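Peer 1: One structure, as structure tokens, below. Some questions next.
The values are calculated or read from the model by the stated rules, or taken from the named source; none is laboratory data. The shown structure was predicted, so the numbers you read here are calculated from the model rather than taken from an experiment. Glycine gets a Cβ as well: all are built from the backbone with ideal geometry, and neighbour counts include every protein chain shown.
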Protein chains: 2
Amino acid sequence: MEKVNLAEQFERISEFWAPVTAGEVNGAQIRLVRVKGEFIWHHHEHEDEMFLVIEGRLCIQFRDREVFLDPGEFLIVPRGVEHRPVAGQEARVMLVEPASTLNTGNVINERTRQPSPI
Amino acid sequence: MEKVNLAEQFERISEFWAPVTAGEVNGAQIRLVRVKGEFIWHHHEHEDEMFLVIEGRLCIQFRDREVFLDPGEFLIVPRGVEHRPVAGQEARVMLVEPASTLNTGNVINERTRQPSPI
């Protein structure tokens, strides 16, 4: 039972769009991800996904609109809803999602990563 | 599906130690709580509890040690572990815990609150 300093942990992450797991609470994983550029359109069939921006600015695109998140803002994308995260400059984001959630959701391609422990 | 600005939501909370629910993700609730002073010793029989400090400094006391959390730091207290949150000055904290979690855990007293929606 050790505390986690988000800024320190982000410094240990080298790859963009590859979430690492920083904690687990009642089966939900707390994941950290550095993002930059455009990700892919995808959805998660069975899992809601929470994005809390820690640094930078994250845009979550939907097919009919987009939501911009600044530090201290979060958005919960319900299961089944297609979305694409985009960040013009680097953003650092905390995710809350089940262990089963893949970063690319229903899509498996070269950007798919199994979350690794920190 | 609206974004939540943590700072704005904290401004709407008037009572210390009374969590409000700001979101739900896969059955886990995202709760916000303003804390100041000493809370009570308690544990949660079946639920882990995550504390992420957004503003201020929070001390989580255990029977054998204490952990200080500054903004951007989190601690997950496993189920069954007795603890007491203490904040010399006001701190603003985001919690991740199930809907079933009571703020006072195994203790029901005048400080017990049912979390209310924002």
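Peer 1: Any idea how many residues of segment B:25-40 are more than 14 Å from every other protein chain (Cβ to nearest Cβ) and either surrounded by 17 or more Cβ atoms within 10 Å (Cβ to Cβ) or under 16 Å from residue A:74 (Cβ atoms) (or both)?
Peer 2: Number of matching residues: 4.
Peer 1: Return the pairs, sorted by first residue and then second, in which the second residue is of a type in the set (D, E, K, R) and not in a loop (DSSP other than H, G, I, E, B), the first residue lies in segment A:56-78 and is free of Cβ contacts under 8 Å to residues at least 40 places away in the same chain, the beta carbons are less than 7 Å apart, and the residues are 6+ apart or on different chains.
Peer 2: Short answer, once both residue conditions are applied: A:56/A:90; A:56/A:92; A:59/A:66; A:60/A:66; A:61/A:84; A:71/A:55; A:77/A:49.
Peer 1: Residue A:87 passes all but one of (1) touching a Cys at 6+ places or on another chain (Cβ under 8 Å); (2) over 23 Å from residue B:7 (Cα atoms); which number fails?
Peer 2: (2)
Peer 1: I would also like to ask the following. Return the total of residues in segment A:69-118 being part of a loop (DSSP other than H, G, I, E, B), within 23 Å of residue B:9 (Cβ to Cβ) and out of contact with any helix residue (DSSP H, G or I) (no Cβ under 8 Å at 6 or more places or on another chain). Step through it out loud before you land on a result.
Peer 2: Within segment A:69-118, the first condition is being part of a loop (DSSP other than H, G, I, E, B), and the residues that meet it are A:70-72, A:78-82, A:99-115, A:118.
Next, from what is left, pick out any that are within 23 Å of residue B:9 (Cβ to Cβ): A:70-72, A:78, A:81.
Still in the list and also out of contact with any helix residue (DSSP H, G or I) (no Cβ under 8 Å at 6 or more places or on another chain): A:70-71, A:78, A:81.
So the count comes out to 4.
Peer 1: Mind listing just one residue for me: the one in segment A:41-64 that is more than 9 Å from chain B (Cβ to nearest Cβ) and among the charged types (D, E, K, R) and, of those, surrounded by the fewest Cβ atoms within 10 Å (Cβ to Cβ)?
Peer 2: A:64
Peer 1: Going through segment B:67-109 one residue at a time, which ones are more than 13 Å from the chain's Cα centre (by Cα), closer than 27 Å to residue A:76 by Cα and of a type in the set (Asp, Glu)?
Peer 2: Answer for segment B:67-109, where residues must be more than 13 Å from the chain's Cα centre (by Cα), closer than 27 Å to residue A:76 by Cα and of a type in the set (Asp, Glu): B:70, B:73.
Peer 1: Determine, yes or no, whether residue B:73 is at pLDDT 95 or above and more than 8 Å from chain A (Cβ to nearest Cβ). Let's see the steps before the verdict.
Peer 2: Numbers: at pLDDT 95 or above: yes; more than 8 Å from chain A (Cβ to nearest Cβ): no.
Judged against the criteria, residue B:73 is not a match.
Peer 1: Sticking with this one: Given (1) facing chain A (nearest Cβ under 9 Å); (2) small (Gly, Ala, Ser); (3) assigned to a loop (DSSP other than H, G, I, E, B), where does residue B:22 come up short, assuming only one miss?
Peer 2: Status for residue B:22: all satisfied but (3).
Peer 1: Looking only at segment B:34-66, how many residues end up being in a loop (DSSP other than H, G, I, E, B) and under 11 Å from the mean Cα position of the chain (by Cα)?
Peer 2: 1
Peer 1: Right, residue B:15: charged (D, E, K, R), under 19 Å from residue B:106 (Cα atoms) and either within 14 Å of chain A (Cβ to nearest Cβ) or assigned to a loop (DSSP other than H, G, I, E, B) (or both) or not?
Peer 2: no
Peer 1: Which condition from (1) charged (D, E, K, R); (2) under 21 Å from residue A:26 (Cβ atoms); (3) free of Cβ contacts under 8 Å to residues at least 12 places away in the same chain is the one that residue B:45 breaks?
Peer 2: Status for residue B:45: all satisfied but (3).
Peer 1: For residues that are of a type in the set (A, V, I, L, M, F, W, C) and away from chain B (no Cβ under 14 Å), scanning just segment A:92-108, find the one that is surrounded by the most Cβ atoms within 10 Å (Cβ to Cβ). Steps first, answer last, please.
Peer 2: Of segment A:92-108, the ones of a type in the set (A, V, I, L, M, F, W, C) are A:93-96, A:99, A:102, A:107-108.
Now drop any that are not away from chain B (no Cβ under 14 Å), which leaves A:102, A:107-108.
Working: A:102: 17, A:107: 13, A:108: 10.
So the residue we want is A:102.
Peer 1: Looking at A:62, A:39 in this structure, which one is among the hydrophobic types (A, V, I, L, M, F, W, C) and under 19 Å from residue B:25 (Cα atoms)? Give the steps one after another, and end with the answer.
Peer 2: Details: A:39 fails: under 19 Å from residue B:25 (Cα atoms).
Of A:62, A:39, the one residue that is among the hydrophobic types (A, V, I, L, M, F, W, C) and under 19 Å from residue B:25 (Cα atoms) is A:62.
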